[in-house]
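Colleague: Sending over a structure as structure tokens; questions will come in a sec.
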Amino acid sequence: MNRTDLLAWLTCGNEDELEILWQRADQVRQRYVGSDVHLRGLIEISNICSRVCGYCGINAANTALERYRMQSDEILECAREAYGYGYGSIVIQAGEDPGITKEWMSSLIRNIKEETGLAITLSLGERSGDELHAWKEAGADRYLLRFETSNRRLYDLIHPSLPGIVSDRIELLRRLRDMGYEIGSGIMIGIPGQTYDDLADDIEMFRSLDLDMIGVGPYIPHQATPLGASGAVHTVAECHQVPNTEAMTYKVVALTRLVCPLANIPSTTALATLNTASGREKGLNRGANILMPNMTPRKYRALYEIYPAKVCIDETAAECRSCMSHRILSIGRSIGQGRGDSPNRTRVA
Ligand code: SAH
């Protein structure tokens, strides 16, 4: 798939032609990663954040939001529950919370590993090399860090660097890979100011980073953010602006599968937010092979509001599990057993 093809698909509006793209993505998914859908239990352990990302509802400037950080025991309990459900891995996600210290996190990772043996994915933002090394050493297996957009100018506008430290997620992903993590990244689709050319660059960046996991979802405006309130920090001509739609998200999922056939690709919650009835299934039928049931205790869920109207806010972990299993089986796929390591990684190892 070359750049001209990528751009042609990204701008294609013909339903019949798009049917061909969905089918190709589904065939490539079947051939390279099979029919298993792996479940990752998502635990949102803290909504405390020191950054002021223009898109994200839990950014530090949102003073109206009540903040929480889960206790180690509570997190361990969620991990036990995930293990009990037969999930092979958990994703521990949070804002960039300085209260998540190197020592505290290391000991939590060790405890989870010791008790459950689950594969552990961290998604804790841009942390120091020292912390990331320590967490790998403690037993973490994977790290998720979306680069959000490969357009550097747009990235700087929506994701301001902290004083004295230039934010370079692409460089950090390379370092994470060298540390031995399976690496995951991704983007938001339809950020104000994002063009089709940017999106083609993003997909080519997935390929050149040789990612093991790739998550993409629509950008969903949040009123308590600079970007959501103003509508735009950077504008481009309407004909170049990528829409933040369901259809555009499927295109990126499908193209990502064609360009990175061995990657683990989730059908994301943000996508399900745009189409609660069948967004997850459509994502799975158009290239994705992973679902991330939410395991965050109910009392915290609504507080981890990175974007509004996140689905599953009122569900328990048990309800999420049965809903996900049902969706997987309803489209004739199977529930993956075991850790679900990225076939991209196992190929290299
Ligand atoms: N602090 C971590 C986790 C952030 S939340 C980090 O920065 O990596 C995980 C992802 O949610 C982000 O990487 C971003 O791509 C997505 N996200 C945040 N705000 C969003 C919004 N308004 N619409 C859609 N996705 C959003």
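Colleague: In this structure, is residue 140 farther than 24 Å from residue 202 by Cβ, part of a loop (DSSP other than H, G, I, E, B) and in contact with a Ser or Thr (Cβ under 9 Å, 6 or more places away or on another chain)?
Modeller: yes
Colleague: Between 161, 123, which is hydroxyl-bearing (Ser, Thr, Tyr) and surrounded by fewer than 18 Cβ atoms within 10 Å (Cβ to Cβ)?
Modeller: 161
For (1) open to solvent by 30 Å² or more (accessible area, probe 1.4 Å); (2) within 14 Å of the ligand (Cβ to nearest atom); (3) of a type in the set (S, T, N, Q), each residue gets a yes or a no:
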{"residue": "18", "(1), (2), (3)": "no, no, no"}
{"residue": "37", "(1), (2), (3)": "no, no, no"}
{"residue": "51", "(1), (2), (3)": "no, yes, no"}
{"residue": "61", "(1), (2), (3)": "yes, yes, no"}
{"residue": "80", "(1), (2), (3)": "yes, no, no"}
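Colleague: Scan the range 182-221 residue by residue and report those that are more than 14 Å from the ligand (Cβ to nearest atom) and touching an Asp or Glu at 6+ places or on another chain (Cβ under 8 Å).
Modeller: Hits for the range 182-221 are 182, 212.
Colleague: Also: What number goes with the only condition from (1) touching a residue at least 40 places away in the same chain (Cβ under 8 Å); (2) over 22 Å from the mean Cα position of the chain (by Cα) that residue 101 does not pass?
Modeller: (1)
Colleague: Could you check the range 233-245 and list, in sequence order, the residues that are under 15 Å from residue 188 (Cα atoms) and surrounded by fewer than 14 Cβ atoms within 10 Å (Cβ to Cβ)?
Modeller: Of everything in the range 233-245, just one residue is under 15 Å from residue 188 (Cα atoms) and surrounded by fewer than 14 Cβ atoms within 10 Å (Cβ to Cβ), namely 245.
Colleague: May I pose another question? Taking residue 107 as meeting all but one of (1) under 28 Å from residue 167 (Cα atoms); (2) within 21 Å of the chain's Cα centre (by Cα); (3) away from the ligand (no atom under 16 Å from the Cβ), write down the number of the exception.
Modeller: The failed condition is (2).
Colleague: Here's a follow-up. Output the residue which, of all residues in the range 196-225 that are of a type outside the set (Asp, Glu) and surrounded by fewer than 17 Cβ atoms within 10 Å (Cβ to Cβ), is farthest from residue 5 (Cα to Cα).
Modeller: Taking the candidates together, the pick is 223.
Colleague: Would you pick out the residues in the range 110-128 that are part of a loop (DSSP other than H, G, I, E, B), under 20 Å from the mean Cα position of the chain (by Cα) and not hydrophobic (A, V, I, L, M, F, W, C)?
Modeller: 125, 126, 127
The values are calculated or read from the model by the stated rules, or taken from the named source; none is laboratory data. None of the values given here were measured: they were computed from a predicted structure. Glycine gets a Cβ as well: all are built from the backbone with ideal geometry, and neighbour counts include every protein chain shown. With ligands, DNA and RNA removed, areas are computed over all heavy atoms of the protein, side chains included. Shrake-Rupley method; radii C 1.70, N 1.55, O 1.52, S 1.80 Å.
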